[in-house]
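To start, the structure under review is shown below, and the notes come after it.
Please treat every number below as a calculation from the coordinates, not as lab data. Keep in mind that this is a model prediction, so the values were computed, not measured. Here the Cβ positions follow ideal geometry from the backbone for every residue, glycine too, while neighbour counts run over all protein chains shown.
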Amino acid sequence: MKSFNAKNIRALIIDMDGVLWRGEQLIADLPPIFEEIEQLELKVIMATNNSTRTPANYVEKLRTYEVELSNWQVINSAEATAQYLSKIYPQGGPVYVVGESGLVESLESKGFTINAKDVLTVVAGMDRDLNYAKIDRAAALIRAGAKFIGTNPDRTFPTPNGLMPGAGTSLAAIEAASYVSPVIIGKPQPIIFEIALERLGVKPEEALMVGDRLETDIAGGQRIGCPVGLVLSGVTGLEEGQAWRPEVDIIADDLMGLLKKLVE
């Protein structure tokens with residue numbers, strides 16, 4: 001494993017699914033973990049590709065586990081997608097959504113309305129009610145000229161019962177039917193990392209990206225210039241992590257184990 005200077009780390013950007021919990025099942029006792037982060041005097045932002053909730057929903061979920069964060073300390077692909085689209089369409093407009101309430105609420109907060117015809121874009125993310133009719137409508141709108149935006153490419157989603165289909169499943173179905181590839185907003189693309197770094201007020205080399213998925217968390221962190229930490233509590237095994245290139249800076253069984261390695 002390559003070496004890096006942990007003393008340069010001033011902040012953490014932490015994924016949630018597969019790092020803090022699997023579905024509604026906690027991976028570890030969260031209060032001691034966040035107490036350790038505070039003792040290390042590290043700033044922290046949670047950054048997830050999961051678009052099914054809003055950042056405020058995640059803050060409330062964390063509160064139920066006795067962790068107090070502010071809304072600015074959570075960024076997800078739904079919020080990042082809404083911000084991205086608001087720059088292109090500052091007045092908002094009609095969009096078609098394949099996704100859940102978190103994505104809908106984030107888009108509506110930026111002035112977008114949900115419609116099924118004459119839309120500016122089709123926005124697709126994880127949708128546990130995905131069906132043939134939604135795929136058909138999305139593909140038809142894209143073939144008619146609507147832009148195709150994907151919240152994130154994660155093919156799977158960790159749960160207590162194993163992996164279930166993620167947003168990438170929705171995107172693959174719509175792409176197959178429309179013959180158009182989506183513009184991806186979430187990790188590993190830079191927008192979530194850029195928002196996180198701006199809020200934290202640190203340089204990329206001062207923020208450790210911590211996640212469980214190589215092709216999104218680790219690849220995205222490395223792409224923007226952050227050191228990266230892989231935890232083995234989600235979708236990635238040790239052999240996969242050790243084989244990843246460029247090398248991962250820290251590999252640990254879980255988040256607390258990773259924090260302990262920062263002070264070794």
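Here are the numbers for this structure:
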item: Antiparallel bridges, percent of DSSP beta bridges restricted to region 78-184 (to nearest 5); result: 25
item: Relative contact order, percent, the chain [alpha-carbon distance under 8 Å, six or more residues apart]; result: 21
item: Vicinal HN-Hα couplings computed from phi for region 63-74 (Karplus, 6.51 cos²θ - 1.76 cosθ + 1.60; Hz; Gly/Pro x); result: 5, 5, 9, 6, 10, 9, 10, 8, 4, 5, 8, 10
item: The chain: antiparallel DSSP beta bridges as a percent of all, rounded to 5; result: 15
item: LEU232 long-range amide H proximity, modeled H, under 5 Å; result: ALA252, ASP253, ASP254
item: Per-q log10 I(q)/I(0), region 78-184, q = 0.11, 0.21 Å⁻¹ (Debye; single scatterer per alpha-carbon; no solvent); result: -0.30, -1.06
item: Proximal aspartates and glutamates to LYS110, defined as alpha-carbon separation beneath 18 angstrom and excluding residues fewer than eight positions away on the same chain; result: GLU79, GLU100
item: Residue pairs, from the table LYS203/LYS260; LYS43/LYS87; LYS7/LYS87; LYS43/LYS187; LYS61/LYS147, whose Cα atoms sit over 25 Å apart; result: LYS43/LYS87; LYS7/LYS87; LYS61/LYS147
item: Ranked by how many other beta carbons lie within 10 Å on average, peptides 180-187, 141-148, 35-42, 13-20 from highest; result: 13-20, 180-187, 141-148, 35-42
